[in-house]
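Comments concern the structure below.
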Amino acid sequence: MAISFPRSDILTLVGFEPPFTFEPVSQQEQSRLSIGTTIGKDLGPALWFASYTTEELHNDVMVDYQAVLASLDGIVNSFEAWDLRRPAPRLYPGGVGANDGVLAAVNANNKALALTGLVAGQVISRGDYLSFDYSGGRALHQAMETVTANGSGVTAQFEVRPHLRAGWTLSIAVNLKAPRGIFTLLPSSVTPTQTRGKFGRLSFKAAQVLP
(Lines give C-alpha, C1' and ligand atoms only; values in the text may rest on other atoms or scores of the structure.)
Protein backbone atom coordinates (compact mmCIF):
# COMPACT_ATOMS: atom_id res chain seq x y z
CA MET A 1 0.00 0.00 0.00
CA ALA A 2 1.41 3.40 -0.97
CA ILE A 3 2.22 5.82 1.85
CA SER A 4 0.36 9.12 1.49
CA PHE A 5 1.53 12.54 2.60
CA PRO A 6 1.24 14.54 4.69
CA ARG A 7 1.43 11.66 7.16
CA SER A 8 -1.05 12.10 10.00
CA ASP A 9 0.45 9.52 12.38
CA ILE A 10 3.92 10.85 13.18
CA LEU A 11 2.87 12.23 16.58
CA THR A 12 0.39 9.48 17.44
CA LEU A 13 2.33 6.24 16.97
CA VAL A 14 4.44 6.67 20.12
CA GLY A 15 4.38 8.80 23.24
CA PHE A 16 6.46 11.92 23.79
CA GLU A 17 8.01 13.62 26.78
CA PRO A 18 10.05 16.76 27.50
CA PRO A 19 12.09 18.38 26.18
CA PHE A 20 10.00 19.63 23.28
CA THR A 21 9.38 23.03 21.74
CA PHE A 22 6.77 24.63 19.48
CA GLU A 23 7.51 28.25 18.64
CA PRO A 24 6.89 30.77 15.82
CA VAL A 25 10.10 32.08 14.27
CA SER A 26 9.93 35.44 12.52
CA GLN A 27 11.58 36.03 9.16
CA GLN A 28 13.05 39.41 10.03
CA GLU A 29 16.30 41.33 9.84
CA GLN A 30 17.57 44.45 11.55
CA SER A 31 19.97 47.12 10.33
CA ARG A 32 21.21 50.46 11.60
CA LEU A 33 21.90 53.74 9.83
CA SER A 34 25.09 55.68 10.50
CA ILE A 35 23.12 58.10 12.67
CA GLY A 36 22.05 55.23 14.90
CA THR A 37 18.49 54.76 13.65
CA THR A 38 17.44 51.10 13.83
CA ILE A 39 15.38 49.71 10.96
CA GLY A 40 13.49 46.45 11.22
CA LYS A 41 12.39 44.58 8.13
CA ASP A 42 9.73 41.87 7.97
CA LEU A 43 10.73 39.51 5.15
CA GLY A 44 7.76 37.16 5.34
CA PRO A 45 5.32 35.38 7.64
CA ALA A 46 6.54 33.75 10.82
CA LEU A 47 6.85 29.97 10.57
CA TRP A 48 6.34 27.38 13.30
CA PHE A 49 9.38 25.36 14.36
CA ALA A 50 9.13 22.33 16.64
CA SER A 51 11.33 19.79 18.36
CA TYR A 52 10.13 16.47 19.76
CA THR A 53 11.57 13.73 21.95
CA THR A 54 9.89 10.35 22.27
CA GLU A 55 9.33 8.59 25.52
CA GLU A 56 11.69 5.73 26.25
CA LEU A 57 11.02 3.00 23.69
CA HIS A 58 12.00 -0.66 23.46
CA ASN A 59 14.51 -1.15 20.66
CA ASP A 60 11.96 -3.00 18.52
CA VAL A 61 9.51 -0.09 18.79
CA MET A 62 12.31 2.43 18.32
CA VAL A 63 13.50 0.77 15.09
CA ASP A 64 9.90 0.58 13.86
CA TYR A 65 9.33 4.29 14.54
CA GLN A 66 12.67 5.23 12.99
CA ALA A 67 11.48 3.49 9.82
CA VAL A 68 8.33 5.62 9.90
CA LEU A 69 10.45 8.76 10.05
CA ALA A 70 12.65 7.43 7.26
CA SER A 71 9.55 7.19 5.04
CA LEU A 72 9.56 11.01 4.99
CA ASP A 73 12.75 10.86 2.89
CA GLY A 74 14.43 13.50 5.00
CA ILE A 75 13.02 16.94 4.18
CA VAL A 76 11.15 15.79 1.05
CA ASN A 77 7.79 14.61 2.41
CA SER A 78 5.51 16.27 4.95
CA PHE A 79 3.54 15.33 8.05
CA GLU A 80 0.99 16.86 10.41
CA ALA A 81 2.32 18.34 13.65
CA TRP A 82 1.05 20.43 16.53
CA ASP A 83 1.85 21.79 19.98
CA LEU A 84 1.81 18.79 22.33
CA ARG A 85 0.96 21.11 25.24
CA ARG A 86 -2.35 22.12 23.66
CA PRO A 87 -3.52 19.64 21.02
CA ALA A 88 -7.14 20.76 21.56
CA PRO A 89 -8.83 23.92 22.91
CA ARG A 90 -7.98 24.67 26.52
CA LEU A 91 -11.58 24.51 27.72
CA TYR A 92 -12.56 21.55 25.52
CA PRO A 93 -10.03 18.73 26.00
CA GLY A 94 -10.31 16.36 23.08
CA GLY A 95 -12.60 18.86 21.37
CA VAL A 96 -15.68 17.65 23.25
CA GLY A 97 -18.30 20.40 23.59
CA ALA A 98 -16.81 22.61 20.89
CA ASN A 99 -17.57 23.11 17.22
CA ASP A 100 -15.14 23.74 14.42
CA GLY A 101 -15.85 27.07 12.76
CA VAL A 102 -16.06 28.99 9.50
CA LEU A 103 -13.91 31.98 8.59
CA ALA A 104 -16.37 34.91 8.63
CA ALA A 105 -14.14 38.01 8.45
CA VAL A 106 -10.51 39.13 8.33
CA ASN A 107 -9.40 42.66 9.19
CA ALA A 108 -7.46 44.85 6.79
CA ASN A 109 -4.02 44.16 8.24
CA ASN A 110 -4.53 40.37 8.35
CA LYS A 111 -3.92 40.30 12.11
CA ALA A 112 -7.45 39.55 13.29
CA LEU A 113 -10.33 37.34 12.21
CA ALA A 114 -13.86 36.40 13.21
CA LEU A 115 -15.49 32.98 13.12
CA THR A 116 -19.03 31.70 12.82
CA GLY A 117 -20.57 28.26 13.16
CA LEU A 118 -19.57 27.81 16.80
CA VAL A 119 -21.68 26.65 19.73
CA ALA A 120 -23.42 29.54 21.50
CA GLY A 121 -21.07 30.71 24.25
CA GLN A 122 -18.12 28.68 22.93
CA VAL A 123 -14.84 30.10 24.18
CA ILE A 124 -11.63 30.39 22.21
CA SER A 125 -8.95 30.82 24.86
CA ARG A 126 -5.78 32.80 24.44
CA GLY A 127 -3.16 30.34 23.25
CA ASP A 128 -5.62 28.04 21.45
CA TYR A 129 -4.68 27.07 17.91
CA LEU A 130 -6.72 27.02 14.71
CA SER A 131 -5.93 25.76 11.22
CA PHE A 132 -7.47 25.91 7.76
CA ASP A 133 -6.51 24.91 4.24
CA TYR A 134 -5.87 27.46 1.51
CA SER A 135 -4.08 27.79 -1.85
CA GLY A 136 -2.56 24.34 -1.74
CA GLY A 137 -1.29 24.68 1.84
CA ARG A 138 -2.46 24.88 5.43
CA ALA A 139 -2.43 27.83 7.79
CA LEU A 140 -1.79 27.37 11.50
CA HIS A 141 -2.48 30.28 13.85
CA GLN A 142 -2.66 30.91 17.59
CA ALA A 143 -5.23 33.11 19.32
CA MET A 144 -3.69 36.14 21.01
CA GLU A 145 -6.78 36.91 23.10
CA THR A 146 -9.77 35.12 24.58
CA VAL A 147 -13.11 35.53 22.81
CA THR A 148 -16.58 34.08 23.39
CA ALA A 149 -19.08 33.31 20.63
CA ASN A 150 -22.45 35.03 20.91
CA GLY A 151 -25.80 33.27 20.97
CA SER A 152 -25.61 32.76 17.21
CA GLY A 153 -22.18 31.12 17.39
CA VAL A 154 -20.33 34.17 15.98
CA THR A 155 -17.21 35.69 17.53
CA ALA A 156 -15.99 39.25 17.50
CA GLN A 157 -12.71 39.73 15.67
CA PHE A 158 -9.71 38.52 17.65
CA GLU A 159 -6.01 38.75 16.89
CA VAL A 160 -3.95 35.76 15.84
CA ARG A 161 -0.30 35.09 15.14
CA PRO A 162 1.32 34.60 12.73
CA HIS A 163 -0.52 37.11 10.54
CA LEU A 164 -2.72 35.59 7.84
CA ARG A 165 -0.97 35.11 4.52
CA ALA A 166 -2.59 35.98 1.21
CA GLY A 167 -4.70 33.19 -0.25
CA TRP A 168 -7.36 32.74 2.43
CA THR A 169 -11.02 32.78 1.43
CA LEU A 170 -14.05 33.56 3.54
CA SER A 171 -16.40 30.70 4.45
CA ILE A 172 -13.49 28.23 4.58
CA ALA A 173 -13.77 25.57 7.30
CA VAL A 174 -11.58 26.29 10.35
CA ASN A 175 -10.35 23.44 12.54
CA LEU A 176 -10.52 24.36 16.23
CA LYS A 177 -10.91 20.94 17.83
CA ALA A 178 -7.69 19.38 16.49
CA PRO A 179 -5.70 22.05 14.63
CA ARG A 180 -2.75 20.71 12.67
CA GLY A 181 0.03 22.31 10.65
CA ILE A 182 2.04 20.79 7.79
CA PHE A 183 5.71 20.25 8.61
CA THR A 184 8.87 18.67 7.25
CA LEU A 185 11.88 17.39 9.13
CA LEU A 186 14.87 19.66 9.48
CA PRO A 187 17.97 18.21 7.78
CA SER A 188 19.91 15.63 9.83
CA SER A 189 17.78 16.28 12.92
CA VAL A 190 16.62 12.69 13.62
CA THR A 191 18.77 11.50 16.53
CA PRO A 192 18.44 8.04 18.13
CA THR A 193 19.87 7.68 21.63
CA GLN A 194 20.29 4.45 23.59
CA THR A 195 19.30 4.99 27.20
CA ARG A 196 19.70 1.59 28.84
CA GLY A 197 19.92 -2.01 27.70
CA LYS A 198 17.29 -2.55 25.03
CA PHE A 199 15.73 0.91 25.36
CA GLY A 200 16.25 4.30 23.76
CA ARG A 201 14.67 7.56 22.56
CA LEU A 202 14.35 9.37 19.26
CA SER A 203 14.43 13.13 18.90
CA PHE A 204 13.82 15.22 15.80
CA LYS A 205 13.15 18.79 14.68
CA ALA A 206 10.62 20.08 12.18
CA ALA A 207 9.61 23.28 10.42
CA GLN A 208 6.26 24.39 9.02
CA VAL A 209 6.01 24.40 5.24
CA LEU A 210 3.85 26.83 3.25
CA PRO A 211 3.14 26.95 -0.50
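Among the residues of the range 125-141, those that are at pLDDT 95 or above and either assigned to a loop (DSSP other than H, G, I, E, B) or not assigned by TED's automatic domain parsing to the domain that holds THR155 (or both) comprise SER125, ARG126, GLY127, ASP128. Beta carbons closer than 8 Å, at least 6 apart along the sequence or on distinct chains, pair a first residue in the range 111-129 that is closer than 10 Å to GLY101 by Cα with a second that is part of a loop (DSSP other than H, G, I, E, B) and of a type in the set (Val, Ile, Thr) for ALA114/VAL154; ALA114/THR155; LEU115/VAL154; LEU115/THR155; THR116/VAL154; THR116/THR155; LEU118/VAL154; LEU118/THR155.
Going residue by residue through the range 186-199, is there one that turns out to be aromatic (Phe, Trp, Tyr), surrounded by fewer than 19 Cβ atoms within 10 Å (Cβ to Cβ) and outside the structural domain of PHE49 (by TED's automatic domain parsing)? No, the range 186-199 contains no residue that is aromatic (Phe, Trp, Tyr), surrounded by fewer than 19 Cβ atoms within 10 Å (Cβ to Cβ) and outside the structural domain of PHE49 (by TED's automatic domain parsing). Return yes or no: is VAL96 more than 30 Å from THR193 (Cα to Cα), at pLDDT below 95 and in the same structural domain as THR146 (by TED's automatic domain parsing)? Here the answer is yes, as VAL96 does meet what is asked.
Selection of the range 63-97 for residues being in contact with a Phe, Trp or Tyr (Cβ under 8 Å, 6 or more places away or on another chain) and not in a loop (DSSP other than H, G, I, E, B) yields LEU69, PHE79, GLU80, ALA81.
The residue that is surrounded by the fewest Cβ atoms within 10 Å (Cβ to Cβ), among those in the range 65-121 that are among the charged types (D, E, K, R) and under 20 Å from THR146 (Cα atoms), is ARG85.
The values are calculated or read from the model by the stated rules, or taken from the named source; none is laboratory data. The structure displayed is predicted, hence computed values, not measured ones. We place every Cβ from the backbone using ideal geometry, glycine too, and count neighbours over all the protein chains shown.
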